[in-house]
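Asker: Structure below; questions to follow.
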């Protein structure tokens, strides 16, 4: 398991979204898998590399936990913006 701390997390998240655009057939893990991984302090990147729970793989992709947390934050921001209209 590798974690590349020298990689900018925002850049790695962007790289991961770019990876999604050219790779099909992926699906996020279910919540129970994420919980199991979290209890072990590990995660997987979308390319299936083993990483730290909030890590970046050797290919520069963030873990699924990072992707899903970012989407949750995005959704929450969108809901607040609609409520303020």
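The values are calculated or read from the model by the stated rules, or taken from the named source; none is laboratory data. Predicted model only: the values in this text are computed from it and were never measured. Virtual Cβ from ideal backbone geometry, glycine too; neighbours counted across all protein chains shown.
Asker: Given (1) within 9 Å of residue 16 (Cβ to Cβ); (2) exposed (fewer than 14 other Cβ atoms within 10 Å of the Cβ), where does residue 35 come up short, assuming only one miss?
Answerer: Only one criterion is unmet by residue 35, namely (1).
Asker: Out of the residues in region 41-55 that are in contact with a strand residue (DSSP E or B) (Cβ under 8 Å, 6 or more places away or on another chain) and assigned to a loop (DSSP other than H, G, I, E, B), which is farthest from residue 18 (Cα to Cα)?
Answerer: Only one residue tops the list, namely 41.
Asker: Kindly provide the set of residues from region 12-40 that are part of a loop (DSSP other than H, G, I, E, B), at negative phi and without any contact (Cβ under 8 Å) to a residue 24 or more places away in the chain, ordered by number.
Answerer: 24, 26, 27, 30
Asker: Quickly run through region 16-32 and pick out the residues that are surrounded by 14 or more Cβ atoms within 10 Å (Cβ to Cβ) and more than 11 Å from the chain's Cα centre (by Cα).
Answerer: 19
Asker: What's the number of the only condition in (1) part of a loop (DSSP other than H, G, I, E, B); (2) at pLDDT below 95 that residue 75 fails to meet?
Answerer: Result: residue 75 passes all but (1).
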